[in-house]
Amino acid sequence: MDRSVSSVAPVRMEAHVTTLPETGSVCAQPCPLGKYGINCSKDCSCRNGGLCDHVTGRCHCAAGFSGRRCQEDCPVGTYGPQCNQRCECQNGAKCHHINGACLCETGFKGPNCQERFCPPGLYGLICDKYCPCNTTNTVR
């Protein structure tokens with residue numbers, strides 16, 4: 001009996017799985033974006049730009065997101081890929097979960113919101129109002 005390779009060409013199935021005679025299925029290429037599993041028959045459930053593994057369906061989150069399905073922003077105080085960067089915002093500023101930019105509270109400015117917007121003794125949108133405080137009774 002001749003045991004050479006069959007002259008039958010491998011059959012390519014629609015779902016990126018190639019069936020070879022007497023050997024079973026062999027992965028030929030990754031599934032299309034948004035699909036995973038055998039015959040690429042399962043839909044990925046990743047959110048916020050997360051990519052799913054074409055075999056397991058496990059989500060790999062985009063920068064700024066976490067959770068099993070990338071459904072959550074990074075925890076407060078962190079940002080970036082895998083939420084592994086620490087925010088350096090000051091004076092009550094919030095940190096953007098993707099790029100770490102500080103969103104300053106009213107009255108503060110600077111990359112980390114470390115500077116007061118108005119000079120000492122002034123306040124208002126254009127720093128045109130004088131503080132009514134008695135400086136001798138004010139804690140500095």
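Every number here is computed from the coordinates shown, using simple stated rules; none is lab data. All values reported here derive from a predicted model rather than from experimental measurement. Here the Cβ is made from the backbone with ideal geometry for all residues, glycine too, and neighbour counts use every protein chain on show.
Close amide H contacts of residue 44 (hydrogens built in the peptide plane, cut-off under 5 Å, sequence separation of 5 or more or a different chain): 35, 36. Among 96, 60, sorting on how many other beta-carbon atoms sit within 10 Å of each Cβ, with the fewest leading, yields 60, 96. Between residue 78 and 87, the built amide H atoms are under 5 Å apart, and every one of these is 5 or more places off in sequence or on another chain. Defining a contact as two alpha carbons under 8 Å apart and six or more residues distant in sequence, what relative contact order in percent does region 46-140 show? For region 46-140, the relative contact order is 15 percent. For region 98-106, the Karplus equation 6.51 cos²θ - 1.76 cosθ + 1.60, evaluated at θ = phi - 60°, returns couplings of 9, 10, x, 4, 8, 9, 5, 6, 3 Hz by residue, with Gly and Pro reported as x.
Panel order for 66, 45, by other beta carbons found within 10 Å of each beta carbon, from fewest to most: 45, 66. Based on the Kirkwood approach, the hydrodynamic radius assigned to region 43-140 is 16.1 Å, with every pair of different Cα atoms included.
Each residue, residue 71 and residue 90, gets one label point 7 Å from its Cα in the Cβ direction; the gap between the two is 3.9 nm. Each of 94, 35 was scored by other Cβ atoms within 10 Å of its Cβ. Listed from fewest to most, they are 94, 35.
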